[in-house]
Structure formats: C-alpha cells, structure tokens
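Each reported figure results from applying straightforward, stated rules to the coordinates on display, with no laboratory input. Predicted model, so just to flag it, every value in this text is computed and none were measured. Glycine also receives a Cβ, built like all others from the backbone with ideal geometry; neighbour counts cover every protein chain displayed.
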Amino acid sequence: MAVSNPVRRYYAEEIFARMGRETAPANFLPFDEPPTGKAAVEGCLGGGKNITEFTVLGDATVLRDVRISCGLCNPAMYVAADIVVDWARGRSPVEILAVDPLDVAQLAPFFQALDPRVWPDDAREKFQYALVGVQNAVRDQQGEPMIPSPEFDEPTAKDWADPDR
Amino acid sequence: MAVGWLWGGWGDCGDLHAPARAAVSLAPMTLAARDILELREAFPALARRRNGKPPIYLNNTCMTLRPRVVIDALRRYYEEFPTCGGGRSEGAQKLDNWFQDELRVYEVAAREAAGRLIGASSADEVVWTRNSSEALNIVAHGLRLEPGDEILGSEREHNSNLVPWLEAERRLRERSGDPELVVRRFFELDADGDFDLERALAAITPNTRVLALGHASNLDGTVIPAAAIRALADRVHAVGGVLVLDAAQSVPHRRVDVEELGVDFLAYSLHKMCGPSGMGVLWGRYALLEQLDPFIVGGDTIADTWQDRVDYKRPPGRFEAGLQDYAGMVGAAAAIDYITETVGYDTIRAQELALNTHLTERLAPLQCDHFWLLGPEDPARRGGVLTMSSPSGALINAIERIGDEEANVMVRRGMFCVNAYLHRRFDRLGSSKNNLRASVYFYNTLEECDVFADIVERVVKSPLDHFDDE
C-alpha cells in the first residue's frame with residue numbers, strides 16, 4: 001500500500017533530511033555507553049533480517065534515553081520508532097509498560113506527534129511494533145521476561161482520526 | 001579512527017548538477033559479445049523468464065550460477081554410481097563393488113583437481129568440507145592453542161573467519177580461568193578499506209600463533225596482494241605461528257597458489273565458482289594437518305575403535321566424518337575444469353574489470369549525502385564487487401525491490417557477514433546496516449549492468465518518490 005501522507009512528510013522532513021554521510025538523527029545513533037536494556041522486534045517488513053532493535057539507558061525510576069538500531073527498510077517504521085522513543089525518553093518504566101499496544105486509543109500520543117489531523121493506519125501498525133520493542137527493552141533492563149510480539153493487523157487505508165471510521 | 005567511505009565530494013541526492021568527481025579511466029574492453037553469449041548458453045538458469053524478462057543475477061559473491069556441465073556431473077553420480085565412497089588415503093585401489101570402483105575414479109580425480117587448483121603438493125592435503133566456514137572451523141577447533149597465544153586478523157574478517165576464532169578465544173578463557181583474557185586481536189585497514197601491509201606486519205607479536213586473513217573481501221572486493229601475504233607468512237612463521245587464508249572470494253576469481261603465498265591453511269568454496277552448493281575445501285600442509293585435532297568425528301574418520309579408545313585415520317580422512325557428498329565431489333571436479341579450462345581466469349578477470357568499471361562509471365557520479373560507494377575508487381582494486389551504502393535503509397530497499405519487481409535483478413542487501421567491521425566503522429554514523437552489493441561474474445553483461453544502474457539512478461535522483469509498497 002502507499003505510504004500515507006503524514007508518514008511521508010514526517011519521514012522526509014524529520015528523518016531523511018537529517019541523514020547524511022556524517023550524521024543521522026540522534027535517535028538512530030548508538031549510545032556511547034553500554035545500554036541497560038535492549039530488545040528487538042520484527043515489524044518493518046515482517047520477519048527475516050528486518051529487525052528493529054531498541055536500546056535503553058535508565059534505571060527502575062526513569063528511562064534516561066532510548067535509541068533505535070536497524071537497517072530500516074520501511075519509512076513508517078522509521079517514523080514510528082522515532083516518535084515512540086521520543087515519547088519514552090524521560091518516562092518511568094511503569095508508565096511505559098502501562099500502555100497496551102493492542103488498544104489503538106492508547107496510541108493517541110504517537111498519532112498526535114505525527115499529525116493531529118490524520119491518524120494513518122500504516123503508522124498505527126508500526127507504532128504497535130515500536131512500542132512492544134521499547135517495552136521489551138525496559139523489561140530486559142528490569143530483568144523481567146520479554147513478551148512475544150503480538151501479530152498486529154496489517155495496515156489499511158483507515159484514518160483513526162476520522163470519527164466516521 | 002579513519003572512516004571508510006569512498007572518495008570525492010558529494011551533493012544532495014536528486015541534484016543532477018551537483019559536482020561529481022570524474023569517473024575512473026575507461027576499462028579494458030569487455031569480451032566479445034558473442035563469446036559471452038556462448039558462455040551464457042551453458043547456464044540453464046539464465047534461460048528462465050519471469051514476466052517475459054530474463055534474470056539479471058548480480059549476487060555472485062554469495063553464490064554463482066551453475067553451467068550445464070556441472071549439473072550433468074551431479075546427475076551422473078545419481079544415475080550411474082549412486083553409492084557410498086570412502087577408502088580415501090588408505091591405499092586401497094580396489095573397493096568392494098562395481099559402483100564403488102567407478103565412484104572412486106571420480107573421487108580421486110576430484111580431490112586431485114581441488115588440490116591442483118591451488119597448487120597443493122598432494123591430494124592428501126585436501127579435505128572436503130561443506131563450505132569455507134566449515135573448513136575454518138576445523139582449523140580453529142583443531143589447533144592446540146594455549147592461554148597466552150594470540151590470534152590475529154584484520155578488522156574486516158567475514159564471520160566465517162571471525163566467529164570460529166572468537167569461540168577459540170572463549171575456550172581459552174575458560175581453560176585459563178581468566179574471563180578477561182584477550183586472545184584475538186585485529187589490525188586496522190586503510191581509510192578506504194584497502195589492506196595495509198605495514199599495519200598487519202606491525203601487529204604480529206612473538207605470541208601470534210594464528211594469523212587468519214580473508215584473501216579477498218566480500219564487502220568491497222579488495223584483495224591482499226600475493227607479495228603481502230608472502231611477507232606476512234614469513235613473519236608469522238618466524239614467531240612460530242601459522243597463516244590461515246580464507247580464500248572463498250579469491251579462488252573463484254584469480255589463480256591462487258599456496259606455495260607462492262606461503263600459507264599454511266586455505267579454505268575455499270566451490271559454490272562460488274560454478275560448483276555444487278555446499279561443497280568446500282580445506283587445504284593444509286600435510287604435517288600441520290597431522291597435528292590438527294579432528295573436529296567432527298565418527299564414521300569414516302577412524303582407523304579403528306575399541307570400547308575405550310579410537311585410532312583416527314591420517315589426513316584427510318580423519319576430518320571427513322560420515323558419508324560424504326559424493327555427487328558434490330563429481331560436480332566440483334567438473335566446476336574446476338570448467339573454470340580453469342573452458343572459461344579461464346584471464347577471461348574472468350577481464351570481464352569482471354570491464355563490468356565493474358562500467359558500473360562504477362555509472363554509479364560513482366550519483367554519490368551524494370544519501371548514497372555512496374564503499375571501498376577504493378579504482379574498480380581494478382575491487383574485483384567484481386560494487387557495494388552501495390546509505391543512511392536510509394528505505395532507499396537501499398527501494399533499489400532492491402524495484403530491481404527485483406521490474407527487471408528480475410538479484411543483488412544482496414545487508415551486512416554481508418562483516419557485521420563487526422561495519423559496526424566498528426559506521427555505527428556512529430547510523431549507516432552500518434544499509435548496504436547493497438552488486439557482484440558480477442564472467443557471464444554478466446554490460447547491458448545487465450546498465451539495467452541495474454538505471455534503477456539505482458532513478459531511485460537516488462528522487463528517493464522520496466520510491467518508498468511506496470514497502
């Protein structure tokens with residue numbers, strides 16, 4: 001399916017334009033110190049080597065930083081991962097783990113960060129995968145077992161911000 | 001640390017008027033078109049069509065296509081003498097039965113051919129393996145290393161020539177009781193990824209017991225010159241060590257002679273040179289093979305067994321556990337004969353140079369802040385390999401996807417089993433995982449390169465237009 005306009009705009013302006021030979025958006029650079037937790041999800045192209053890895057730096061009270069590492073193929077995954085780690089940074093593990101990735105209503109902060117007017121479904125699916133990745137990285141940090149990523153619905157042309165949906 | 005991207009300045013992607021570094025000088029002419037067409041007719045896979053179009057196979061660094069003569073050789077085994085071989089190096093001239101006697105003729109000839117290809121002094125120095133990885137594992141497991149010994153490699157070893165040594169390091173740590181014991185060390189390459197003899201020589205210490213090197217890089221095609229390998233072999237021998245050469249990416253493309261190089265062990269794979277899948281070779285100096293502990297043991301590796309002990313065969317038999325891929329041996333001999341006699345290394349070299357020069361001339365001017373080439377500028381130093389890199393995996397993916405869907409182009413994306421090198425050089429720039437490699441062999445054509453280059457050009461000039469349908 002076509003990449004939605006909000007995803008396309010965010011990717012072009014916030015990510016692609018900031019990439020170069022000598023730089024990348026900060027969320028996509030590794031830490032200078034060993035992470036306190038890490039986890040991976042296979043969300044961007046559905047398996048194989050298309051794995052997005054999330055690393056966290058923090059403790060039991062706060063996540064000081066979160067980063068993404070992957071040969072990301074899908075613009076929507078770039079966008080979703082970027083938004084989710086921005087959201088997670090500075091929050092407590094309890095707060096992060098409280099979000100249910102299967103409940104689309106709870107993904108509202110991510111959609112708001114992308115585009116308040118249109119909540120595209122291609123972003124929804126990637127938000128879910130990215131959230132599971134960050135949550136499992138937090139669980140790894142906490143010494144808790146990670147949960148297997150649910151099979152999220154394939155993206156459609158749906159707009160979750162449309163009241164007539 | 002030096003950063004290993006390519007040469008020249010760059011502009012914005014999509015800026016057709018951005019100043020591009022002048023392309024490299026013209027290459028030698030490609031082979032006559034009729035010669036290439038004649039060679040291509042030997043490959044059944046090239047006759048296939050999807051959506052009315054032929055395959056454009058540019059993934060030869062991973063595995064090459066197979067000519068009819070190799071396929072026929074494989075079939076010959078299954079149709080004419082599909083039985084178990086064995087009796088290797090035991091002096092038996094007459095085996096048990098009709099089929100075994102016929103198979104033995106091919107077995108012996110294949111081992112001799114595999115050794116002759118690399119200048120081995122005896123067929124008994126040739127061990128059949130599944131691939132170069134297995135060959136290198138046999139050496140890494142079989143050498144009797146002690147805590148305090150050092151293993152040396154470059155910063156860009158293929159996982160097949162890295163992981164077995166990391167495992168050796170782990171075992172030595174356990175034996176020594178020192179979890180911090182450093183066994184494997186590495187030396188840096190040039191900024192553009194090319195080999196630096198002085199750095200390598202300087203890294204050899206009195207404790208170096210193993211120098212394990214990749215002869216040619218599967219990432220960018222760079223090759224360690226023969227004289228450099230000889231110098232390294234002399235130096236490592238002077239301190240009592242051995243030189244292990246991963247020749248998986250060199251033997252298929254150039255004449256390799258173990259005596260000229262002075263190496264002690266060498267690994268190569270037949271499936272990278274028109275041979276059967278899952279066939280490889282470990283060559284070792286016989287005296288060293290005799291000192292090597294067997295890795296995978298069992299049937300056919302032993303001279304005799306009792307309830308409490310085993311006597312192993314002499315090499316190479318002690319390293320070839322269980323029934324072997326006899327069809328693969330027959331096919332291997334056919335592949336070696338095809339490469340050396342029908343095609344010839346001169347033809348391979350000339351065609352790879354012509355094609356890679358053409359690809360480089362097409363793609364180097366496209367370099368920009370979102371797209372560049374890895375390795376040295378001069379295609380003559382990159383064999384048949386051209387690897388592209390980008391901070392955007394979506395751009396790399398679009399090239400691969402469009403190539404596959406529109407033109408049946410087969411290339412390879414990812415880290416190509418040199419993760420450690422790419423992580424070390426490019427993680428801090430966020431681009432270590434976004435690479436695309438096109439690798440040519442003698443049967444590829446300029447027209448195929450142009451089809452691929454056209455797609456790359458289209459995506460790089462307007463990358464944001466090609467991210468749909470991921």
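Summary of values
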item	result
Tail weight of P(r) past 20 Å, computed on alpha-carbon pairs of chain A, percent	47 percent
Dipole-positive endmost among A:Ile15, A:Leu131, A:Val56 within the range A:5-141 (Cβ charges, Cα centre)	A:Ile15
Inter-label distance, nm, simple model (7 Å from Cα along the C-beta direction), A:Gln106/B:Glu259	7.3 nm
Distance histogram for the range B:73-339 (every C-alpha pair counted, 10 angstrom bins, percent rounded to whole numbers)	7, 30, 34, 20, 8, 1
Spacing of the two label points (7 Å from each Cα toward its C-beta) at B:Asp96 and B:Arg173, in nm	4.7 nm
Assigned charges on the beta-carbon of Lys, Arg, Asp, Glu; chain B dipole about Cα centre (debye)	140 debye
Tilt relative to chain B, helix B:163-176 - C-alpha long axis, 0 to 90 degrees, to 10	50 degrees
With Cα atoms, 0 to 90° folded angle of helix B:132-142 axis to chain B main axis	50 degrees
Residues A:Val62 and A:Asp86, FRET efficiency given R0 of 22 Å [Cβ-Cβ distance, rounded to 0.05]	0.90
Inter-label distance for B:Asp72 and B:Ala202, nm, one decimal - labels placed 7 Å from Cα along Cα-to-Cβ	5.5 nm
Dipole magnitude (debye, nearest 20) for chain A, charges at Cβ of Lys, Arg, Asp, Glu	340 debye
The range A:5-141: relative contact order as a whole-number percent, Cα under 8 Å and 6+ apart	30 percent
In sequence order, calculated HN-Hα J values of the range A:25-36 (Karplus, 6.51, -1.76, 1.60; Hz; x Gly/Pro)	x, 3, 5, 9, 9, x, 5, 8, 9, x, x, 8
Under 5 Å, built H, 5+ apart or other chain: amide partners of A:Thr36	A:Val56, A:Leu57, A:Gly58
Cross-link pairs A:Lys38/B:Lys461; A:Lys38/B:Lys272; B:Lys53/B:Lys433; A:Lys158/B:Lys53; B:Lys272/B:Lys461; B:Lys272/B:Lys433 - those with Cα-Cα distance over 26 Å	A:Lys38/B:Lys461; A:Lys38/B:Lys272; B:Lys53/B:Lys433; A:Lys158/B:Lys53; B:Lys272/B:Lys461
Acute angle (nearest 10 degrees) that the helix B:68-80 long axis makes with the longest principal axis of chain B, alpha-carbon atoms	30 degrees
For chain B: relative contact order, % (alpha-carbon pairs under 8 angstrom, 6 or more apart)	25 percent
Charged-residue dipole, Cβ positions (Lys, Arg, Asp, Glu), the protein assembly as shown about Cα centre, Debye nearest 20	600 debye
Stokes-Einstein translational diffusion, the protein assembly as shown - Kirkwood Rh over all Cα pairs, 0.692 mPa s, 37 °C, in µm²/s	123 µm²/s
Choice from A:Asp32, A:Asp59, A:Asp100 showing the highest fluctuation, given a GNM over chain A with Cα pairs closer than 10 Å	A:Asp32
Over the range B:73-339, relative contact order from alpha-carbon pairs under 8 Å, at least 6 apart, %	27 percent
